[in-house]
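Trainee: The structure is given below, and queries will be raised subsequently.
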Amino acid sequence: MVEVDMGQERVTFERVLVEPRWNPQAIEPKWQARWEEAGLHRVPDDDPRPKWYEMTMYPYPSGDLHIGHWYAMAPSDAHARFRRMQGYRVLHPMGFDAFGLPAENAAIRHGIHPFTWTMNNIERMRKQLRSIGAIYDWTREVNTCLPEYYKWNQWLFLQFYKHDLAYRTRAPAVWCPSCQTVLANEQVVNGRCERCDTPITRREMEQWFLRITKYAEELLDFSGLIDWPERIITMQRNWIGRSEGVEVGFSIAHLGVQEKEVRVFTTRIDTIYGVSFLVLAPEHPLVPKLTTPERRAQVEAYVENARRQSDIERLSTEREKTGVFLGTYCVNPFNGERVPIFTADYAVAWYATGAVMGVPAHDQRDFDFAQKFGLPIPVVVAPPGWDGQPLTQAWEGPGVLVNSGPFTGMPSQQAKTAMADYAERQGIGRRAVVYRMRDWLISRQRYWGTPIPVVYCDACGMVPVPEKDLPVLLPLDAQFKPTGESPLLYHEGFLRTTCPQCARPARRETDTMDTFVDSSWYFLRYVSPHDTQRPWDPELVLRWLPVDQYTGGAEHAVMHLLYSRFFVKALRDMGLLHFSEPFLRLYNQGVITYLGEKMSKSRGNVVPPDPYVQRLGADTVRVYLMFLGPWEKGGDWSVSGINGATRWLNRVWEVFRRPSSALGGKPVNEASRRALLRKLHQTIKKVYNDLDRFQFNTAISALMEFTSALQDAWERGDVGADLWEEAVEKGILMLAPIAPHIAEELWEQTGHPFSVHTQPFPRWSEALAAAETVTLVVQVDGKVRDRIEVPADLPEEEAKRLALQSANAQRQLNGRKVQRVVFVPGRMLVNIVTVPAP
RNA sequence: GCCGAGGUGGCGAAACGGCAGACGCGGCGGACUUAAAAUCCGCUGGGGCACCGCCCCGUGUGGGUUCAAAUCCCACCCUCGGCACCA
């Protein structure tokens, strides 16, 4: 017997779950087999109807489908089905993000090969995914760990390389000691590894990068999108972090080193007369060169200490400023003043030039530093009402320049322009734009990923593998080390190769690609997943792309979504694609929790959907998840809550199957007929518009009301057989995208030919949906005092007259004088505004 | 610290300038039953009364705009996400 943890007590399903009465255990497999057999979800490419490409983020095959997957997939399937019923040819594919570290960890821990582990998981998950009853066309499944897919990762890498968008360089990289690999900056969260939460360290090594920064400016342009959440756009904008300013050189020509100046970047060129020191990041290459012999020991100790500190320590905002004087000076190009040079870890090496001009009066960080080291704090931008006294904190706002040579007296905004112009004229600086975003580090020192198709030859150096030799296969006979080192490092058969240029012995690159490379273009592969000649069929890409609607979790805001946008723009510039944005509309569903906590294996509170599906049916689980609340907000899984879904479907099963012939011989009552017809059309309108906008919860509540209306009509027995049949038929059609199996069964049992899922969604008539009588709301001074049933087309004058006559309103008017009567057209509301009687 | 989203019954929520709490969960009462489950019916924001109805209060807090505010504006408090020494 299946047990479920309900907080304190453990309860059996038998005791808490309402029994479904439509036998989902029988009808769901029956219809799934029938759909399969009829090829109902096969998506032909030559369908002339308008296309709709609706995609859900593909899952990582971790082993079992959990309720979070269902929450992502069931509602998006309902939406895709709705689009299909609206008359689109819909592509709603599914695949597996099959490369990644968990497979390798399983190999190290349990001795099972990543390939076996992954393929077993995929097989299990495919079965579970089928149980959702979604319209996935499984002939289009994409599996990124198969050579037929990753071959094209390698091919794309070569195209990027050819176009100077992939390069290799030695750079300090973020290293996760637990995952034993470098990470992209995007994969670091608060100084910890995004995947395993281990504090990261830094390592200098040869790495492969993709030149995403070349597209920084275009990636900031979101105008090609139709509908994206504003917060995702904001997060991307912040991530890219564009700053406009001026890069200026502070001369060090007198020090006799090779470099003639230290370049700094500033957004506040207007404060340059207030510079009283210069700060270089500890990793700045000029630090050793500009250190005097007597300072060397101290500086080296500081730099070494900074290097050893973890990012978490270095990043903490509240710590006191530290730093060391190098013993040398540079020259301020604007006023010729001598400026002492420090190194301090509040300057970060990778941003802009890695050097900061210290303007303590106008930057709080510089102010703190200057105070600590007793440096002068000259004011060059007067704060409002400034009395000439020393500042107690930095003034970072605008103002009028003082003590700034020829620029004195200018407002800061104007001074910025004038001083930038001056710097450019004098050749001491230039306007510059810098970005926070850095190039995308794609190499991983792991086995279970796409091998980077490059060989190293002693004679020819680094040589890309020719396209005809792809794929570079990942060897399956790998030995996994408990140390976590990549088996590729020791695999002779993989390592030894010959140089494609000179045919002499050469060595293969052992790094593999970040799995985000796989997901940066998988939406292109779905259109021709088995093409062996090219990554995608350009004809079909023209026919299907871009993706019209993408849905998935918000956790991919900056990584996957930004990388995909970059890929599409880069491939467009190579002439391989005809569009600039991969995903026109984006919708982020919320997170499903259990007992108020995020589900996770470590907490042991992961809700497995399978027992519920087996017992209550996929339709029930679908309905419950969609009814829970707004999709974007997520919600808490509750065992008692799902009973609401079962009860409703039981009622639907019971009521929709009542034959019109058994309606009872009562004479037809026109008012009853009109009432049911009106409810029907109101429901169609509501469900249509709600499904259109992912508002599943209110769509279902409308269908629940409609079910009750049908039930009432049945009990009255006076609506007529024809209307009863029409109402039931349209009710089933509205149910079809939400609960596809029970809808199909009802469709058959009510005498309709297969299949309900090839039918158009019902349309409503505004005239029939319009109410005949409405409630006239009578307010006195904004408070509701009476409600009167009136004809919907009651003229304004009549409404006002009725309102003033209302006994309840009259009572309120006692001793007061009517000042004004407000009528709200289209609302049937009258507000009587009064003043005290004289 | 900065940016964004959000605070509505016992709970999930709906309404997004015009009847606050639709729909559902839970609870209470009733019908059916030997009994229980299931099902069906009724009630369910708080308080008051001269209780078949009516009145007062009520959408995080305080102000404002409006004939009318959960909804718009300002300030503050709290919760959740993102960024965080970015020059």
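The values are calculated or read from the model by the stated rules, or taken from the named source; none is laboratory data. Treat the numbers as computed from the prediction; the structure is a model and nothing was measured. Methodologically, a virtual Cβ is constructed for each residue, glycine included, from the backbone with ideal geometry; neighbour enumeration extends over all protein chains shown.
Trainee: Suppose the filter is of a type in the set (Ser, Thr, Tyr) and at pLDDT below 90; does A:Thr417 pass it?
Mentor: no
Trainee: Hey, another quick one. Give all pairs with beta carbons closer than 9 Å in which a residue from region A:633-652 that is of a type in the set (Lys, Arg) meets a residue that is near RNA strand B (Cβ under 7 Å from one of its atoms); count only pairs at least 6 apart in sequence or on separate chains.
Mentor: Pairs that qualify, where the first residue is of a type in the set (Lys, Arg) and the partner is near RNA strand B (Cβ under 7 Å from one of its atoms), are A:Arg647/A:Val18; A:Arg651/A:Met704; A:Arg651/A:Ser708; A:Arg651/A:Gln711.
Trainee: Could I ask something else about it? Would you confirm whether or not region A:616-623 contains a residue that is in a loop (DSSP other than H, G, I, E, B), within 13 Å of RNA strand B (Cβ to nearest atom) and of a type outside the set (S, T, N, Q)?
Mentor: No - not one qualifying residue is present in region A:616-623.
Trainee: Quick one: which of A:Thr532, A:Thr450, A:Thr497 is crowded, with 20+ Cβ neighbours inside 10 Å and of a type in the set (Ser, Thr, Tyr)?
Mentor: A:Thr450
Trainee: Do the conditions hold for A:Lys214, that is, is it closer than 26 Å to A:Thr328 by Cβ and of a type in the set (Lys, Arg)?
Mentor: Answer is no for this residue.
Trainee: Given the condition within 30 Å of A:Tyr88 (Cα to Cα), part of a helix (DSSP H, G or I) and not hydrophobic (A, V, I, L, M, F, W, C), answer yes or no: does some residue in region A:787-802 qualify?
Mentor: The answer is no; no qualifying residue exists.
Trainee: I need every pair where a residue in region A:420-435 that is closer than 17 Å to A:Met410 by Cβ has its Cβ under 8 Å from the Cβ of a residue that is small (Gly, Ala, Ser), sequence separation at least 6 or different chains.
Mentor: Cβ pairs passing all conditions: A:Ala420/A:Gly429; A:Ala423/A:Gly429.
Trainee: Identify the residue in region A:240-281 that is hydrophobic (A, V, I, L, M, F, W, C) and assigned to a loop (DSSP other than H, G, I, E, B) and, among all such residues, is nearest to A:Ala394 (Cα to Cα).
Mentor: Among residues in region A:240-281 that are hydrophobic (A, V, I, L, M, F, W, C) and assigned to a loop (DSSP other than H, G, I, E, B), the one nearest to A:Ala394 (Cα to Cα) is A:Val275.
Trainee: Got a sec? Which of A:Val822, A:Val774 is part of a strand (DSSP E or B) and at pLDDT 90 or above?
Mentor: Going through A:Val822, A:Val774 in turn, the sole match is A:Val822.
Trainee: Quick check on A:Lys800: is it basic (Lys, Arg), under 29 Å from A:Leu710 (Cβ atoms) and at pLDDT 90 or above?
Mentor: Here the answer is no, as A:Lys800 does not meet what is asked.
Trainee: Turning to a different aspect of this structure: Which residue, of A:Leu584, A:Leu576, is more than 16 Å from RNA strand B (Cβ to nearest atom), over 15 Å from A:Trp239 (Cα atoms) and not in a strand (DSSP E or B)?
Mentor: Every option except A:Leu576 fails the conditions.
Trainee: Follow-up. When only residues in region A:781-795 that are exposed (fewer than 15 other Cβ atoms within 10 Å of the Cβ) and more than 13 Å from RNA strand B (Cβ to nearest atom) count, which is nearest to A:Ala767 (Cα to Cα)?
Mentor: A:Asp793
Trainee: Restricting attention to region A:233-251, report how many residues are touching a Ser or Thr at 6+ places or on another chain (Cβ under 9 Å) and among the hydroxyl-bearing types (Ser, Thr, Tyr).
Mentor: 1
Trainee: Sort out which residues of region A:227-239 are in a helix (DSSP H, G or I) and more than 7 Å from RNA strand B (Cβ to nearest atom), and write them in order of number.
Mentor: Across region A:227-239, the qualifying residues are A:Ile232, A:Ile233, A:Gln236, A:Arg237.
Let's see how each residue does on (1) touching a residue at least 40 places away in the same chain (Cβ under 8 Å); (2) under 25 Å from A:Leu17 (Cα atoms); (3) among the hydroxyl-bearing types (Ser, Thr, Tyr):
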residue	(1), (2), (3)
A:Ala570	yes, no, no
A:Pro582	yes, no, no
A:Tyr587	yes, no, yes
A:Leu595	yes, yes, no
A:Lys598	no, yes, no
A:Pro609	yes, yes, no
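Trainee: State the number of residues belonging to region A:802-833 that are over 53 Å from the mean Cα position of the chain (by Cα), more than 8 Å from RNA strand B (Cβ to nearest atom) and surrounded by 13 or more Cβ atoms within 10 Å (Cβ to Cβ).
Mentor: The qualifying residues number 8.
Trainee: Checking A:Arg525 against (1) closer than 22 Å to A:Arg231 by Cα; (2) crowded, with 18+ Cβ neighbours inside 10 Å, which test does it fail?
Mentor: Result: A:Arg525 fails condition (1) only.
Trainee: Conditions: (1) farther than 30 Å from A:Phe82 by Cα; (2) more than 12 Å from RNA strand B (Cβ to nearest atom); (3) out of contact with any strand residue (DSSP E or B) (no Cβ under 8 Å at 6 or more places or on another chain). A:Ala743 meets all but one. Number of the miss?
Mentor: Single failed check for A:Ala743: (1).
Trainee: A:Glu729: assigned to a helix (DSSP H, G or I) and either without any contact (Cβ under 8 Å) to a residue 60 or more places away in the chain or within 13 Å of RNA strand B (Cβ to nearest atom) (or both), yes or no?
Mentor: yes
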